[in-house]
1. Could you tell me whether the range 33-40 includes any residue that is among the aliphatic types (A, V, I, L, M) and free of Cβ contacts under 8 Å to residues at least 60 places away in the same chain?
2. All but one of (1) more than 23 Å from residue 19 (Cβ to Cβ); (2) of a type in the set (S, T, N, Q); (3) exposed (fewer than 13 other Cβ atoms within 10 Å of the Cβ) hold for residue 37, so report the exception by its number.
3. Looking only at residues that are assigned to a loop (DSSP other than H, G, I, E, B) and modelled with pLDDT of 95 or more in the range 110-131, which one is surrounded by the fewest Cβ atoms within 10 Å (Cβ to Cβ)?
4. Does the range 148-164 hold any residues that are modelled with pLDDT of 95 or more and either polar (S, T, N, Q) or surrounded by 22 or more Cβ atoms within 10 Å (Cβ to Cβ) (or both), and which are they?
Amino acid sequence: MAADDPAFNYDRNPNTIGESALSVSLPVTPTAGATPTCLSKGAIGVLRNGVALFAPVDERNRDAVAYETQDQCDGHPQQTGVYHYHDIPSCVRDASTGASTVVGFAYDGYPIVAERSANGDLPTNADLDECHGRTSPILLDGEVVTTYHYSATYEFPYFIGCFHGTKVA
């Protein structure tokens, strides 16, 4: 970031994007855990475009979307160069079509959905459970199924608050 950039005084992310390989094995049929489990920092899911999805907080436990500088697609690199998102990025969320577009998967295997109401609105936190999800019909692998899924919102924690299932990755 250039010193004359207005964001320079706020978040001088010194990291650069590096080449990285991501290989994740997720269950085809995820199962709910006995109780929700806390998110770890770092990668907690992956979007369909192959970009890692990190927890919504930064290393200081602050809202990463509010406190960290991100690029035009709401992402940035971490210390080892892994490009990632802390929310469902606008370039993915706003490109979703239909009422229930699967945009990625959490590391417990449950889908992450950019679902929209008939008015085109995303759900709010009040519409979702403690893990930021709910059970409703979504389009998954070409067919409409009623299943648990996490939902993208404009409100913190943006896409997932805890793991509903057992984290496998």
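The values are calculated or read from the model by the stated rules, or taken from the named source; none is laboratory data. Only a predicted model underlies this, so the values are computations on that prediction, with no experimental measurement involved. As a convention, Cβ positions derive from the backbone with ideal geometry for all residues, glycine included, and neighbour counts pool all protein chains shown.
1. So the first thing to find is which residues in the range 33-40 are among the aliphatic types (A, V, I, L, M), and the list is 34, 39.
Right, trim to free of Cβ contacts under 8 Å to residues at least 60 places away in the same chain and you get 34.
Yes, because at least one residue in the range 33-40 is among the aliphatic types (A, V, I, L, M) and free of Cβ contacts under 8 Å to residues at least 60 places away in the same chain.
2. The number of the failed condition is (3).
3. Keep residues of the range 110-131 that are assigned to a loop (DSSP other than H, G, I, E, B), which gives 110, 116-124, 128-131.
Next, only the ones that are modelled with pLDDT of 95 or more stay: 110, 128-131.
Values: 110: 24, 128: 18, 129: 16, 130: 10, 131: 23.
Among residues in the range 110-131 that are assigned to a loop (DSSP other than H, G, I, E, B) and modelled with pLDDT of 95 or more, the one surrounded by the fewest Cβ atoms within 10 Å (Cβ to Cβ) is 130.
4. 149, 150, 163, 164
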